[in-house]
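The values are calculated or read from the model by the stated rules, or taken from the named source; none is laboratory data. Keep in mind it's a predicted model, so treat the numbers as computed, not measured. So basically every Cβ, Gly included, is an ideal-geometry build from the backbone, and we count neighbours across all protein chains shown. Just so you know, the surface numbers come from the protein's heavy atoms only, side chains and all, with ligands and any DNA or RNA stripped out. Shrake-Rupley method; radii C 1.70, N 1.55, O 1.52, S 1.80 Å.
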Amino acid sequence: MFATKSIADDLAGSPTIKGRSLWADARARFFRNRAAVAGLIVLLAVGTFAIVGPFIAPWNNEDIDWTVLGNVADGGRPSFETGHWFGTDALGRDLFARTVQGTQISLLVGIVGALISVVVGTLYGAIAGYFGGRIDNVMMRIVDILMSIPYMFVLILLLVVFGRSLLMLFVGIGLISWLDMARIARGQTLTLKGKAFIEAARATGVRPFTIILRHIIPNLLGVVIVYATLLVPSMIIYESFISFLGLGVQEPLTSWGALINDGAAEMTNGTLWMLAWPLFFFVITLFGFFFVGDGLRDALDPKDR
Amino acid sequence: MSAPLLEVRDLSVTFKVAQQGAWPWSAPRLLQAVKDASLVLEPGQTLGLVGESGSGKSSLARAIVGTVPASNGQVLWRGEDVVGMGAARHRTHGRHVQMVFQDPLDALNPRMTVGQIVAEPLRTHFPDLSKAEIRTRVGAMMERVGLLPALVNRYPHEFSGGQCQRIGIARALITEPELVVCDEPVSALDVSVQAQVVNLLQDLQRDMGLALLFIAHDLSVVRHISHRIAVMYLGRIVEAADASDLIAKPRHPYTKALIASVPIPSPKAERSRHRPVLKGELPSPIAPPSGCVFRTRCPIAQPSCAEQIPAVERIGADHLVACPFADLAVT
């Protein structure tokens, strides 16, 4: 009797009790997932590599080591003595510095692409789904039309017509990356729209755009984040493919795809490290993103496991 | 006589139903959810709305609140038509009419804390209030509905069904509305919790002078809380009267069947009583029967029932019934 009373007093007297949000629950579930945490650590390591790399590299990515030129297969092999930790490429440039540079560009492309898709796609899909009817029809048919255009063809045309530049690459990737996201966001919005809390907000007189931003988007975010983490690697693959075709970023800039392309060209000359290093970072990053994406899905949607 | 708080005149709600497999341009079929419903609600009164599933109770409530468009008729708020209001004017009107929902958890945004949920109507209608002021008002309202104010930072999934319904009630009452539309507020709750929530609503009604539109399919709950009861069948209000009058002297055959279906908590009395059981199902509201919609299941149906829609007649002081043969005995 007395115990209950004192507990009640404690509760009433304490300032406020901190609640466990669904986000906090999801975070706890995510960190219990070993594969996802390993993926996250790999991604953090790759990110650190891209940021810190330029400061610790003994060679600049543009300088040519004239001593190894002409004898790359022998003098350009990875070694601590020459300072070429990853070896050199066919032109005698330090591969460590080049890989750091490629990592920066590839991650940038992936993250910018995913960001565009998250911001544009989610808003577009949420608006189409929430307003419904004719607005929904028109907006989604636009998406259908854009989807039916062969994107690779458009991307290549863009790069050929306007010249190869990082900006054009972002424009091209930004044009297509949000389409799938818009569809996913719209579908989720349609199911959310029937919930009573949306109706409660409408009955109270909350403005439509406030409802979208306050009630719909936060509830979409779980699905959107999962899809975005899976989108980053596919953007990286895109860019690599374009670069592999020789149309991506322009020298002296480079990316994983361009480096892999260069390495593959030299494969028969006994300089396999040129292919191996960029490929290694490419592969572990993709695996990292996939594991993190899987972990996020399990953490955010415990029902759909 | 001044205008009543809420008056509904000949309100109809029609939904378009896309036909399966039809061409995109072919005309959709019309579902008549509410047809020519009229009712009056005075300040501080409770109007109970009963009827089986699919009878249009919720559609009528939503048309009054304004989340579903009315296809015909008027909703008058203190004499002012709500249906024809512009969107902006309608939003400010939302302050006076609030809603409590059936599924308590579904009605609360899972990503918002309870404090944010309860504060939302305040932030919408009084954007100038300071954060501290909002916090004190939310705290006071939480206490008023029987929740600890210390729980404002918790999330809806951390509460039980009854507590969630209290949060929903707190949200509805924070702007001090004059009418609260309760759409089956207790149907999803345990019986013991039902009683608590109903009593809470009654207390709040007494203290704040609220008018309630209380929807339920459970006649015993409605009888407990209502001053007046309206019975709906297939979108029409078939009978409306003061609560005690309607329970004691039901006139419409559907009301009689409804009252007879309420179980008596005594096996002996239950076994010995005569109860007319309705046969069949509710007809489709897409193709309702001609004339009186109840005639397909009515125990006293006459041939003329198929021909014309029965007019609503006033019998007694405040007893309205839409059946010209109400005096015929049920056999």
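Within the range A:224-235, can one find any residue that is open to solvent by less than 30 Å² (accessible area, probe 1.4 Å), within 14 Å of chain B (Cβ to nearest Cβ) and more than 30 Å from B:Pro185 (Cα to Cα)? Yes, the conditions are met somewhere in the range A:224-235.
Residues that are among the small types (Gly, Ala, Ser) and within 24 Å of the chain's Cα centre (by Cα) within the range B:298-322 comprise B:Ala311, B:Ala317, B:Ala322, listed in sequence order.
Quick grid of which residues meet (1) within 14 Å of chain B (Cβ to nearest Cβ); (2) over 23 Å from A:Ala276 (Cβ atoms); (3) modelled with pLDDT of 70 or more; (4) surrounded by 16 or more Cβ atoms within 10 Å (Cβ to Cβ):
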site: A:Phe30; (1), (2), (3), (4): no, yes, yes, yes
site: A:Leu40; (1), (2), (3), (4): no, yes, yes, yes
site: A:Leu43; (1), (2), (3), (4): no, no, yes, yes
site: A:Leu69; (1), (2), (3), (4): no, no, no, no
site: A:Gly83; (1), (2), (3), (4): no, no, no, no
site: A:Ala97; (1), (2), (3), (4): no, no, yes, yes
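Of all the numbered requirements in (1) of a type outside the set (A, V, I, L, M); (2) touching a helix residue (DSSP H, G or I) at 6+ places or on another chain (Cβ under 9 Å); (3) surrounded by fewer than 16 Cβ atoms within 10 Å (Cβ to Cβ), B:Cys298 misses one, and that requirement is (3). Looking across the range A:167-188, just one residue is surrounded by 20 or more Cβ atoms within 10 Å (Cβ to Cβ), farther than 20 Å from A:Ile149 by Cβ and either away from chain B (no Cβ under 14 Å) or hydrophobic (A, V, I, L, M, F, W, C) (or both), and that is A:Ala185.
For B:Tyr254, the test of being in contact (Cβ under 8 Å) with a residue 24 or more places away in the chain and either within 14 Å of another protein chain (Cβ to nearest Cβ) or more than 24 Å from B:Met99 (Cβ to Cβ) (or both) is passed. When the test is whether a residue is free of Cβ contacts under 8 Å to residues at least 12 places away in the same chain and over 20 Å from the mean Cα position of the chain (by Cα), A:Met267 passes it.
Note on the range A:241-251: among residues that are open to solvent by 10 Å² or more (accessible area, probe 1.4 Å) and in a helix (DSSP H, G or I), the one that is farthest from A:Leu155 (Cα to Cα) is A:Phe244. Among the residues of the range B:184-203, those identified as β-branched (Val, Ile, Thr) and open to solvent by less than 50 Å² (accessible area, probe 1.4 Å) are B:Val186, B:Val193, B:Val197, B:Val198. Of the residues screened, A:Leu300 is not one that is surrounded by fewer than 16 Cβ atoms within 10 Å (Cβ to Cβ) and within 14 Å of chain B (Cβ to nearest Cβ). Consider the range A:204-213 and keep the residues that are more than 8 Å from chain B (Cβ to nearest Cβ) and open to solvent by 50 Å² or more (accessible area, probe 1.4 Å). The one that is nearest to the chain's Cα centre (by Cα) is A:Leu213.
Quick one: would you say A:Ala200 is at pLDDT 90 or above and buried (at least 21 other Cβ atoms within 10 Å of the Cβ)? No, not satisfied.
Table: residues versus (1) within 14 Å of chain A (Cβ to nearest Cβ); (2) buried (at least 22 other Cβ atoms within 10 Å of the Cβ); (3) part of a loop (DSSP other than H, G, I, E, B).
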{"site": "B:Ser53", "(1), (2), (3)": "no, no, yes"}
{"site": "B:Ser59", "(1), (2), (3)": "yes, yes, no"}
{"site": "B:Val68", "(1), (2), (3)": "yes, no, yes"}
{"site": "B:Gln74", "(1), (2), (3)": "no, no, no"}
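A Cβ distance below 9 Å, combined with a sequence gap of six or more or placement on separate chains, defines the contacts here; from the range B:109-138, residues that are more than 28 Å from A:Thr189 (Cβ to Cβ) reach residues that are open to solvent by less than 40 Å² (accessible area, probe 1.4 Å) and not in a helix (DSSP H, G or I) in the pairs B:Phe126/B:Thr175; B:Arg137/B:Ile174; B:Val138/B:Ile174.
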